[in-house]
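Trainee: The structure is given below, and queries will be raised subsequently.
The values are calculated or read from the model by the stated rules, or taken from the named source; none is laboratory data. Everything quoted here is computed from the prediction, not taken from an experiment. For neighbour counting, all protein chains shown are included, and Cβ atoms are generated from backbone atoms with ideal geometry for every residue, glycine included. Side chains are part of the model used for accessible areas, which takes the heavy atoms of the whole protein and leaves out ligands, DNA and RNA. Shrake-Rupley method; radii C 1.70, N 1.55, O 1.52, S 1.80 Å.
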Amino acid sequence: MGFVGTVLGIFGFGFGITAGLVIGYYFFIYIQPSDVADPEIRPLVEEDQETLQKMLPEIPFWVKNPDYDRLDWLNKFLEYMWPNLNKAICATVKGIVKPIIDEQIPQYKIDAVEFEALTLGSLPPTFQGMKIYVTEEKELIMEPSIKWAANANVTIAVKAYGLKATAQVVDLQVFALPRITLKPLVPSFPCFANIFVSLMDKPYVDFGLKVVGIDLMSVPILYRFVQEIIKDQVANMYHWPKTLEVQILDPAKAFDRPVGLLHVKVIRALKLKKKDLLGASDPYVKIKLTESKLPSKQTTVKMKNLNPEWNEEFNFTVKDPLTQILKLHVIDWEQIGKHDKMGMNEVRLKDLTPDEPKLMTLELVKKKDTNDAQNDKSRGQLVVELTYKPFKEEELPKTFQQTKTLVRAPDNTPDGGGMLVVIVHEAEDVEGKHHNNPYVRILFRGEKRKTKKIRKTRDPRWEEEFTFMLDEPPINDKIHLEVYSSSSRIGLRRPKESLGYIDINLSDVVNNKRINERYHLIDSKNGRIQIELQWRTKD
């Protein structure tokens, strides 16, 4: 019986297991439980207050705040680019941090501090929304809502006295609401000079810290202590209105301001070739500095002279000595007809030593092209003396965006008076019935000024400045600005028409020293114009 019982037991166990699996699979596939129902999906407006409060922290900013815009496109971009961004950011961090660590560790008698692992993980930050502030200043203000639950791994090894200890940061979570300001906006790439970052609220930072394999953040008292220290330290440094400033562009290039003065002395020319059929040539020198909007300058004409002497001096403002070039053309003056070019040459400003006069004898050529065969022909020489004088830092002209203070009025300003500065920035949605070539005419105390005409646009941008010297503050005065459109086409019944006007009370300008506003144009459907007014005094 023992053998037979064993065989039957094994057979019964195998049969029972097989039957149980078959019956269980049948019930799992074909029998639906009666006590499980599909979840009820309801709009947020139908949810009760308690449920909404539980859900609120997880709702994106763009849902609960209409001022915030969705950034799904940016999150998708980060998702695709994150593997490469992760490597690039980590490499940059190592490059910045390692020299700082190497400089500091000797005073603590530490042999080495090394990154054993540095990765931000596979999960990129998520932008819950972004708010954009529109101002009349040259700036762009953004407030993104950032959440980042990262599977980062940062492992640092510290070696000292022959021993090695490791610290590992894991499970990093950061929730922050920063304000990012790009200002001032400039016409040089990347189109802003500085980045200002500040936190609008204390950030939430959570992470695990393992030292010798032990997670210190699992200790409740230590966890709360570290959390408060991080929040307080970060808030003290960057909580609004305190900011972190990062300079992107050199101020001189960003504001397109002069950085120095080029002094040019044209001394003489030697062995010039005769261009006139009858008699000698009548030479003069035309001088032009590249990348400058100022017109070229020229010497006097030396009649019938192939070895003229001028000894004339000129000054040019320099904005970028590394790229600007001084061009000198010797030209034969003609009373009738086109003036003939006798030769030219160029001098790169970067070849000049600052504050040191340089006497140069330039060989005149037809064109500044080394492959041109006609350059082999002798055309004479030009002797000049050049001196580049860079401005000192205190001499550099500064803008209102840099200093937040107005420029003082000139010394010849009347006592008790000042200078009224009118800056016409731009307009939008100005539309004429017959043509759209807008310009602005300014009328103040009988004086008339006007901007240049911008052709064929409803959104002109002028950026022109006008000044009025006054004996007393214009507290009770108004200034009249009117946008016109004119056409030079012959036969139009209305060659000029008004697109709207404004009258600005100047008492606010005198009291506040500066206003920068966008005004709705009277007698215009949707037109607006941005005007900046400044009241400058000698004080």
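Trainee: Give me Rg/Rg_expected for the stretch 123-206, where Rg uses Cα atoms only and Rg_expected = 2.2 N^0.38 Å with N residues. Working shown, then result.
Mentor: On the way: Rg = 18.7 Å, N = 84, 2.2 N^0.38 = 11.8 Å.
Ratio of Rg to 2.2 N^0.38 Å for the stretch 123-206: 1.58.
Trainee: Report the Cα centroid-to-centroid distance between the stretch 105-131 and the stretch 140-208 in angstrom, as an integer.
Mentor: After rounding, the separation between the Cα centres reads 9 Å.
Trainee: I would also like to ask the following. What's the ranking of 517-524, 282-289 by average number of surrounding C-beta atoms within 10 Å, highest first?
Mentor: Numbers: 517-524: 15.2, 282-289: 20.8.
Final packing ranking: 282-289, 517-524.
Trainee: Using 23 Å as the Cα-Cα cut-off, could you pick out the over-long pairs in K453/K513; K327/K350; K389/K538; K513/K538; K302/K350?
Mentor: Working: K453/K513 29 Å; K327/K350 14 Å; K389/K538 28 Å; K513/K538 13 Å; K302/K350 31 Å.
K453/K513; K389/K538; K302/K350, as the Cα separations exceed 23 Å there.
Trainee: Then there is this: Keeping all protein chains in position, work out how much accessible area H339 exposes to a 1.4 Å probe, and write it in Å² to the nearest 10.
Mentor: Roll a 1.4 Å probe over it and H339 shows about 60 Å².
Trainee: Also: Using modelled backbone amide H atoms (1.01 Å from N, in-plane), which distant-in-sequence or interchain residues come within less than 5 Å of E139's amide H?
Mentor: For E139, the qualifying residues are L185.
Trainee: Let me ask you something else. Along each of the three principal axes of the Cα atoms of the stretch 69-140, give the extent in whole Å, ordering the values from largest to smallest.
Mentor: 52, 34, 16
Trainee: Also, I was wondering about something else. Between rounded, prolate and oblate, where does the stretch 98-145 land on the alpha carbon gyration tensor, with a ≥ b ≥ c its root eigenvalues, rounded for a/c under 1.5, else prolate if a/b exceeds b/c? Kindly include the intermediate steps, with their values, before the conclusion.
Mentor: Working: a/c = 6.02, a/b = 2.08, b/c = 2.90.
It is oblate, given that a/c is not under 1.5 and a/b is not larger than b/c.
Trainee: Can you give the three extents of the C-alpha atoms in the stretch 412-539 along their principal axes, from longest to shortest, in whole Å?
Mentor: 52, 26, 22
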